Amino acid sequence: MIALIDYGMGNIASIQNMFKRIGNKNVILTKDAQEIDQAEKIILPGVGAFGNGMQNLHNSQLIDVLRKKAFEDKSPILGICLGMQLLTRGSEEGNVKGLGFLNADTKKFVFDASSNLKVPHMGWNYLRQKKQSELINNTTKQKFYFVHSYYVKCDDADDVIATCQHGIEFDCVVNHGNIFGAQFHPEKSHKFGMELFDNFSKL
């Protein structure tokens, strides 16, 4: 069973539809700690502000069970967009601490006005694969949909599966042990997003 965390911050209907399209009916939408504790895998979606995301997790009393699943049970956990950023130690968007599941920080895109680069970074982009992964492979011809004003920077290059380019090269698919993150939205990335979700379900 895969627990899709319902904490008011993600494209949950789109994610559910993606799993239905790949024939996986073993996904439950939940904010119940007991259900999450029983799940084999966890998806933490996210759209919006970092501080609001962490506050919602606290208000839903989900921090403890997520830590248990991450560090004791070693369950595969996938963070998507804001969900990936919440897995880091913290963000430049305010001074709220993150979950700290990744040795990484969330940073803001800052560009000179003359660069003509827009924030948020929005649209379809190719990835640059840094290492092989069961989560995503052969990214050379795969495009994914991004919408974000902040990005994740890992301490260790070995935790980076793939990067993307928007003024700077930033980490967009990461993995440390049982913790995974994707900065783009697989649920909006058509067949390539479906493939990523299918790969995650088979971990």
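Filter segment 77-118 down to residues that are buried (at least 23 other Cβ atoms within 10 Å of the Cβ) and of a type outside the set (A, V, I, L, M, F, W, C), then give me how many there are. Step through it out loud before you land on a result.
First, the residues of segment 77-118 that are buried (at least 23 other Cβ atoms within 10 Å of the Cβ): 77-88, 91, 99, 101-102, 104, 106.
Filter again for of a type outside the set (A, V, I, L, M, F, W, C), leaving 79, 83, 85, 88, 91, 106.
Qualifying residue count, segment 77-118: 6.
Within segment 140-163, how many residues turn out to be part of a strand (DSSP E or B), of a type outside the set (A, V, I, L, M, F, W, C) and touching a helix residue (DSSP H, G or I) at 6+ places or on another chain (Cβ under 7 Å)? Break it down stepwise before answering.
As a first pass, look at segment 140-163 and keep what is part of a strand (DSSP E or B): 143-148, 150-154, 160-163.
Applying the additional criterion that residues be of a type outside the set (A, V, I, L, M, F, W, C) yields 143, 145, 148, 150-151, 153, 163.
With the extra rule that they be touching a helix residue (DSSP H, G or I) at 6+ places or on another chain (Cβ under 7 Å), the set shrinks to 143, 145, 150.
So the count comes out to 3.
Output the number of residues of segment 42-60 satisfying the condition of being in contact with a Lys or Arg (Cβ under 9 Å, 6 or more places away or on another chain) and either of a type in the set (S, T, N, Q) or farther than 15 Å from residue 81 by Cβ (or both).
Residues meeting the conditions: 2.
Please specify each residue of segment 172-203 satisfying the condition of being buried (at least 23 other Cβ atoms within 10 Å of the Cβ) and charged (D, E, K, R).
Once the filter is applied, which keeps residues that are buried (at least 23 other Cβ atoms within 10 Å of the Cβ) and charged (D, E, K, R), segment 172-203 yields only 187.
Take the residues in segment 21-70 that are closer than 30 Å to residue 191 by Cβ and of a type in the set (Val, Ile, Thr); name whichever of them is nearest to the chain's Cα centre (by Cα).
Only one residue fits best here, namely 43.
Just for segment 179-203: of the residues that are in a loop (DSSP other than H, G, I, E, B) and in contact with a Phe, Trp or Tyr (Cβ under 9 Å, 6 or more places away or on another chain), which one is farthest from residue 100 (Cα to Cα)?
Taking the candidates together, the pick is 189.
Cβ contacts < 7 Å: first residue on the phi < 0 side of the Ramachandran plot, restricted to segment 8-29; second residue of a type in the set (Gly, Ala, Ser) and buried (at least 16 other Cβ atoms within 10 Å of the Cβ), any location; separation 6+ or different chain. Result?
9/46; 9/53; 10/46; 10/83; 18/193; 24/201; 28/3
Six or more apart or on different chains, Cβ under 9 Å: which pairs go from a residue in segment 175-201 that's in contact (Cβ under 8 Å) with a residue 60 or more places away in the chain and on the phi > 0 side of the Ramachandran plot to one that's in a helix (DSSP H, G or I) and not acidic (Asp, Glu)? Could you list them?
177/70
Being among the β-branched types (Val, Ile, Thr), surrounded by 14 or more Cβ atoms within 10 Å (Cβ to Cβ) and without any contact (Cβ under 8 Å) to a residue 60 or more places away in the chain, is that true of even one residue in segment 131-138?
No, segment 131-138 contains no residue that is among the β-branched types (Val, Ile, Thr), surrounded by 14 or more Cβ atoms within 10 Å (Cβ to Cβ) and without any contact (Cβ under 8 Å) to a residue 60 or more places away in the chain.
Looking at segment 153-170, which of the residues that are of a type in the set (D, E, K, R) and out of contact with any Phe, Trp or Tyr (no Cβ under 8 Å at 6 or more places or on another chain) is surrounded by the most Cβ atoms within 10 Å (Cβ to Cβ)?
Going residue by residue through segment 153-170, those that are of a type in the set (D, E, K, R) are 153, 155-156, 158-159, 169.
Now narrow it down to the ones that are out of contact with any Phe, Trp or Tyr (no Cβ under 8 Å at 6 or more places or on another chain): 155-156, 158-159, 169.
Values: 155: 12, 156: 11, 158: 11, 159: 20, 169: 12.
So the residue we want is 159.
Checking the structure you have, find out if any residue of segment 37-49 is in contact with a His (Cβ under 9 Å, 6 or more places away or on another chain), modelled with pLDDT under 95 and under 20 Å from residue 174 (Cβ atoms).
yes
Yes/no per residue for (1) modelled with pLDDT of 95 or more; (2) β-branched (Val, Ile, Thr); (3) touching a Leu at 6+ places or on another chain (Cβ under 9 Å):
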| site | (1), (2), (3) |
| --- | --- |
| 53 | yes, no, yes |
| 88 | yes, yes, yes |
| 91 | yes, no, no |
| 136 | no, yes, yes |
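The values are calculated or read from the model by the stated rules, or taken from the named source; none is laboratory data. Since the structure is predicted, the reported quantities are computational estimates derived from the model, not experimental observations. Quick reminder, even Gly has a Cβ in these numbers, built from the backbone with ideal geometry, and neighbours come from all protein chains shown.
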